[in-house]
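Colleague: I'd like to ask some things about the structure below.
The values are calculated or read from the model by the stated rules, or taken from the named source; none is laboratory data. Model, not experiment: these values are computed from the prediction. No Cβ is skipped: glycine too gets one built from the backbone with ideal geometry, and neighbour counts run over all protein chains shown. Remember, those area values only see protein heavy atoms, side chains included, never the ligands or the DNA or RNA. Shrake-Rupley method; radii C 1.70, N 1.55, O 1.52, S 1.80 Å.
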Amino acid sequence: MLQHAPTLTRLVGELKKLPGIGERTALRLAFHLLKSPQNLGSLAEALTQVQERVCACSVCFALTEQNPCPICSGGRDSSVICVVETSQDMLALERSNAYHGSYHVLQGAISPLHGVNPDNLRIRELLARIEQGKVEEVVIATNFTVEGETTALYLARQLKPLGIRVTRLAHGIPLGSDIEFVDPATVQWAMKGRSEL
């Protein structure tokens, strides 16, 4: 019976490793792939190509197929570095079309509970880039989580003695939302970060 097929069991096990995929979803995906052999071949080919071609940029550590990445080699403003946790965060900022400087991907955030300390992140490489003397501002764009805030505070302590401008992304009440439905912590941040009109 197919239920005991080792290859199907392995496929389900591999799919379960993906974020947000549980046993039932993994099984549903596996059966969908088995019903469409052309999709299975295309997926296998795409996974192989990603494994062979995608790497971390040697300058900013974003995922790329070209080293250095198009942003690092494309004439962007290198006097401003936006520090993000992941390549996904960098892509979100790029989609906004609001930032035109360079990036630095930490590849995570400080999280003692998960065994991630500053030495596990790309902080030394960031400091080395700054010591080259061309950086005037570092925009800290870590996530607004406990780990992201911890990382932001750690970075600020490391960067301020270097005499460069250190800024943090603004955070507060999202555009288009009613204050009555916003959580108290967000309202608190919005009050602390208020600006003059």
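Colleague: Filter region 138-173 down to residues that are surrounded by 15 or more Cβ atoms within 10 Å (Cβ to Cβ) and of a type in the set (D, E, K, R) and give me whichever is farthest from ALA190 (Cα to Cα).
Modeller: Of everything passing the filter in region 138-173, GLU147 is farthest from ALA190 (Cα to Cα).
Colleague: (1) open to solvent by 30 Å² or more (accessible area, probe 1.4 Å); (2) assigned to a loop (DSSP other than H, G, I, E, B): which one isn't true of GLY108, the others all being true?
Modeller: Here GLY108 meets the rest and fails (1).
Colleague: Determine the pairs where a residue that is free of Cβ contacts under 8 Å to residues at least 40 places away in the same chain, located within region 27-51, has a partner that is loosely packed, with under 11 Cβ neighbours inside 10 Å and in a helix (DSSP H, G or I) with Cβ atoms under 8 Å apart, the partner being 6 or more residues away or on another chain.
Modeller: Hits for this filter: zero, empty list.
Colleague: How many of the residues in region 61-81 are hydrophobic (A, V, I, L, M, F, W, C) and either in contact with an Asp or Glu (Cβ under 9 Å, 6 or more places away or on another chain) or part of a helix (DSSP H, G or I) (or both)?
Modeller: Of the residues in region 61-81, 5 are hydrophobic (A, V, I, L, M, F, W, C) and either in contact with an Asp or Glu (Cβ under 9 Å, 6 or more places away or on another chain) or part of a helix (DSSP H, G or I) (or both).
Colleague: Right, something else. Any residue in region 122-144 that is of a type in the set (Val, Ile, Thr) sitting within a Cβ distance under 6 Å of a residue that is open to solvent by 40 Å² or more (accessible area, probe 1.4 Å) and not in a helix (DSSP H, G or I)? List the pairs, counting only those 6 or more apart or interchain.
Modeller: If the second residue must be open to solvent by 40 Å² or more (accessible area, probe 1.4 Å) and not in a helix (DSSP H, G or I), the pairs left are ILE140/ARG168.
Colleague: Please work out if THR186 is more than 20 Å from the chain's Cα centre (by Cα) and surrounded by 10 or more Cβ atoms within 10 Å (Cβ to Cβ).
Modeller: Against the criterion (more than 20 Å from the chain's Cα centre (by Cα) and surrounded by 10 or more Cβ atoms within 10 Å (Cβ to Cβ)), THR186 qualifies.
Colleague: I'd like to check something: does region 163-176 contain any residue that is among the charged types (D, E, K, R), modelled with pLDDT under 90 and not in a loop (DSSP other than H, G, I, E, B)?
Modeller: no
Colleague: When the residues of region 164-182 are filtered to those that are over 29 Å from VAL138 (Cα atoms) and charged (D, E, K, R), which remaining residue is farthest from the chain's Cα centre (by Cα)?
Modeller: It comes out as GLU180.
Colleague: Another question, if that's okay. For the condition open to solvent by less than 70 Å² (accessible area, probe 1.4 Å), aromatic (Phe, Trp, Tyr) and either over 20 Å from CYS55 (Cα atoms) or in a helix (DSSP H, G or I) (or both), what is the one hit in TYR99, TYR103?
Modeller: One residue alone meets the criteria, TYR99.
Colleague: Exactly one condition in (1) over 28 Å from ASP119 (Cβ atoms); (2) under 20 Å from the mean Cα position of the chain (by Cα); (3) hydroxyl-bearing (Ser, Thr, Tyr) is false for THR86; which is it?
Modeller: (1)
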